[in-house]
1. Test of understanding: among Gly24, Gly40, which residue is more than 9 Å from the ligand (Cβ to nearest atom) and not aliphatic (A, V, I, L, M)?
2. Any residue at all in region 1-11 that's within 11 Å of the ligand (Cβ to nearest atom), farther than 17 Å from Leu175 by Cα and in contact with a strand residue (DSSP E or B) (Cβ under 7 Å, 6 or more places away or on another chain)?
3. Could you check how many residues of region 7-19 are surrounded by 18 or more Cβ atoms within 10 Å (Cβ to Cβ) and polar (S, T, N, Q)?
4. Can we say Ala3 is in contact (Cβ under 8 Å) with a residue 40 or more places away in the chain, farther than 20 Å from Gly393 by Cα and surrounded by 20 or more Cβ atoms within 10 Å (Cβ to Cβ)?
5. Go through region 335-356 and give me each residue that's of a type in the set (Asp, Glu) and within 17 Å of Arg141 (Cα to Cα).
6. What single numbered condition from (1) of a type in the set (A, V, I, L, M, F, W, C); (2) touching a helix residue (DSSP H, G or I) at 6+ places or on another chain (Cβ under 7 Å); (3) part of a helix (DSSP H, G or I) fails to hold for Leu5?
7. What are the residues in region 53-62 that are near the ligand (Cβ under 7 Å from one of its atoms) and out of contact with any helix residue (DSSP H, G or I) (no Cβ under 6 Å at 6 or more places or on another chain), if any?
8. Output the qualifying pairs, or none if there are none: Cβ atoms under 9 angstrom, residues six or more apart or on different chains, first residue in region 317-340 and over 18 Å from Arg50 (Cα atoms), second residue of a type in the set (S, T, N, Q) and assigned to a loop (DSSP other than H, G, I, E, B).
Amino acid sequence: MRAPLQQIETSGELPQSADAVVIGGGIVGVFAAYYLARRGMKVALVEKGRIGAEQSSRNWGWCRQQNRDARELPMATRSLDLWERFAADTGEDTGFRRCGLLYLSNDEAELAGWARWRDFAKTAGVTTHMLDSIEASERGRATGRTWKGGVFSPTDGTADPSRAAPAVARAILMLGGSVHQNCAARGVETEGGRMSAVVTESGTIRTKLAVLAGGAWASSFCHQFGFCFPQASVRSSILSVSPGAEGLPDALHTARISATRRGDGGYTLAISGRGRVDVTPQQLRFSSQFLPMFLKRWRSLAPGGLQGVRSGHETLQRWRLDRPTPMERMRILDPVPDRATIRLTFARALELLPALRKTTISAAWAGYIDSTPDGVPAIGEIDPVPGLFLAAGFSGHGFGIGPGAGHLVADLVTGSEPIVDPTSYDPRRFDASVWGKVADF
Ligand SMILES: Cc1cc2nc3c(=O)[nH]c(=O)nc-3n(C[C@H](O)[C@H](O)[C@H](O)COP(=O)(O)OP(=O)(O)OC[C@H]3O[C@@H](n4cnc5c(N)ncnc54)[C@H](O)[C@@H]3O)c2cc1C
C-alpha cells in the first residue's frame with residue numbers, strides 16, 4: 001500500500017527549448033519551476049515517474065520552524081508565508097494550515113533542549129511557547145497522561161503530502177509552463193563549458209539554465225559529470241490510519257510516537273528519527289563524510305538490507321545518454337516498509353492515544369530520506385557545469401521548506417536578490433570536514 005497521492009495529467013510533448021528546465025517533480029522541483037514561471041520564464045519540468053511520488057508524498061507533512069537548525073530557520077519562516085501566499089495566488093489547495101505543533105515530554109534533558117531552542121528562536125523573531133506540566137497535560141489530554149512539560153509552536157503547521165506537489169504542478173501549467181511525467185533526464189550537454197541542453201529519454205531540450213531537484217537520485221546524476229555530491233539515504237517506515245479518532249491534536253510529537261492529522265481525517269503515525277540503513281555503493285563511497293552524522297544519530301538507526309542496491313538510486317555506475325538508465329528502470333522509488341517498525345508504531349500509538357483504537361491501518365509505506373553529511377540541504381550552482389543548479393539533500397526537512405527552497409533556487413537562477421542568505425547551502429562546502437557542524441534536530 002503506497003502513500004496516497006493525487007494524480008495529475010500532463011503533456012507527453014517535449015518542447016525543443018526552454019528558458020529553464022527543472023529535473024525532478026518533488027516539492028522542491030515543482031516550487032522552483034513555479035517561481036521561475038512566475039517570472040515569465042518558459043519552464044519545462046521533467047519527472048521520471050509521477051509528480052510527488054517519492055519523498056514528497058511519503059512524509060508526515062510537518063511545516064515547522066520548531067527546533068530548526070539556525071542555518072535553516074530563516075528559510076522555514078519564509079516558507080510558512082509562501083505556503084499561504086501560494087494558495088491565495090493560485091486558488092490551489094495544498095492542505096496547508098497553521099494548526100500549531102505540539103511536543104510533549106517527561107525527559108528533563110529534552111525539555112531543557114527545547115527551552116534553549118526557544119531562547120535562540122526569540123533572537124530570530126520566532127515565537128514558541130514552553131508548556132509547564134499543567135499546560136502540557138491539558139494540551140495532551142488525548143493521551144490521558146500527566147506530562148512534565150512541552151512546547152506548542154502556534155505559527156507552524158502542516159500541509160497535505162498527497163496533494164501539495166500535484167497542486168503546485170497544476171499552477172505551473174496555469175502559468176504556461178510544461179510538466180512531463182514518465183520522462184527521465186539522462187544527463188546534460190555543455191557548449192563552451194556551460195550548460196546547453198538537458199537530454200531526456202523522450203528527447204533533448206535546449207536550455208542554458210537547469211535545476212537538478214532529483215531528491216535521492218541527485219548524487220548519482222552528478223557523478224555522471226564528475227561533481228562529487230556526498231549524499232546518503234535512510235529508509236523510514238510509516239503508516240496511516242482511517243478516520244474515526246476524535247479529540248487528538250492536529251500534530252503531536254513525543255519521543256515514542258508522532259501523529260499528524262491527514263486531509264481525510266485519518267492520521268499519519270511514525271516514530272521520529274527511526275530508520276534503516278540499506279547499504280549501497282554510494283554510501284560506502286561517502287561513509288567517512290557521514291561519520292559525524294552517524295555518531296550523532298546511530299541510536300535510532302538499524303542496519304537494513306540490499307533493497308537500496310536493487311533500487312539503483314545510489315549507484316556509482318556511469319550511464320550513456322542514448323540508453324535506458326537506472327532512473328527508467330525505477331520510475332518510483334518505493335522501498336518496502338519495515339514490518340517490525342510498522343507493528344511497533346501502531347502498538348505505541350494505540351497505547352498513547354486510546355481514541356485511535358477506533359481506527360484501522362489504511363496504508364503503510366517507506367521512503368528514502370536523502371541526507372547530506374551536515375543535515376543541511378545543498379542549493380547552488382554546480383562548478384563543473386555553470387548554468388546547472390543543485391537543490392537536493394533536504395535531510396528529512398524538505399517538505400516544509402519546499403516553497404522557500406524553490407524560491408531561493410529561482411532567485412539564484414535568475415540572479416535576483418535571494419529570499420534568504422544562500423551561504424549555508426553552498427554545495428561546495430562538503431570539500432571541508434563537517435565535524436561539529438551536524439544539524440541538531
Ligand atoms: C517518512 C518521511 C517523513 C518525512 N517527514 C517530513 C516532514 O514532516 N516535514 C518535512 O519538511 N520533511 C519531511 N520529510 C522529508 C521530505 O519529504 C523531503 O525532504 C522532501 O520531500 C524532498 O523533496 P525533493 O523534491 O527534494 O525530493 P523528492 O520528493 O524525492 O523528489 C525528487 C523527484 O525527482 C525525480 N527525479 C530524480 N531524478 C530524476 C531524473 N534524472 N529525471 C527526472 N526526474 C528525476 C524523482 O522521481 C522524484 O519524484 C520526510 C520524509 C520521509 C521519507
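What follows is calculated from the coordinates using simple rules that are stated; it is not laboratory data. The model shown is predicted, which means the values in this text are computed figures rather than measured ones. Positions of Cβ are generated from backbone atoms using ideal geometry, with glycine treated the same way; all protein chains shown enter the neighbour counts.
1. Values: Gly24 fails: more than 9 Å from the ligand (Cβ to nearest atom).
Going through Gly24, Gly40 in turn, just one is more than 9 Å from the ligand (Cβ to nearest atom) and not aliphatic (A, V, I, L, M): Gly40.
2. At the first step, the residues of region 1-11 found to be within 11 Å of the ligand (Cβ to nearest atom) are 3, 5.
Those left that are additionally farther than 17 Å from Leu175 by Cα: 3, 5.
Retained after the next criterion (residues that are in contact with a strand residue (DSSP E or B) (Cβ under 7 Å, 6 or more places away or on another chain)): 3.
Checked against the condition, which is being within 11 Å of the ligand (Cβ to nearest atom), farther than 17 Å from Leu175 by Cα and in contact with a strand residue (DSSP E or B) (Cβ under 7 Å, 6 or more places away or on another chain), region 1-11 yields at least one hit.
3. Adding up the residues that qualify gives 1.
4. Numbers: in contact (Cβ under 8 Å) with a residue 40 or more places away in the chain: yes; farther than 20 Å from Gly393 by Cα: yes; surrounded by 20 or more Cβ atoms within 10 Å (Cβ to Cβ): yes.
It is true that Ala3 is in contact (Cβ under 8 Å) with a residue 40 or more places away in the chain, farther than 20 Å from Gly393 by Cα and surrounded by 20 or more Cβ atoms within 10 Å (Cβ to Cβ).
5. Kept after step one, since they are of a type in the set (Asp, Glu), are these residues of region 335-356: 338, 351.
Of everything in region 335-356, just one residue is of a type in the set (Asp, Glu) and within 17 Å of Arg141 (Cα to Cα), namely Glu351.
6. So Leu5 meets the others, but not (3).
7. Here is the first cut: in region 53-62, the residues near the ligand (Cβ under 7 Å from one of its atoms) are 53-56, 58-62.
Listed by number, the residues that qualify are Ala53, Arg58, Asn59, Trp60, Gly61, Trp62.
8. So the pair list comes out as Gln317/Thr325; Arg318/Gln224; Trp319/Gln224; Trp319/Thr325; Leu321/Gln224.
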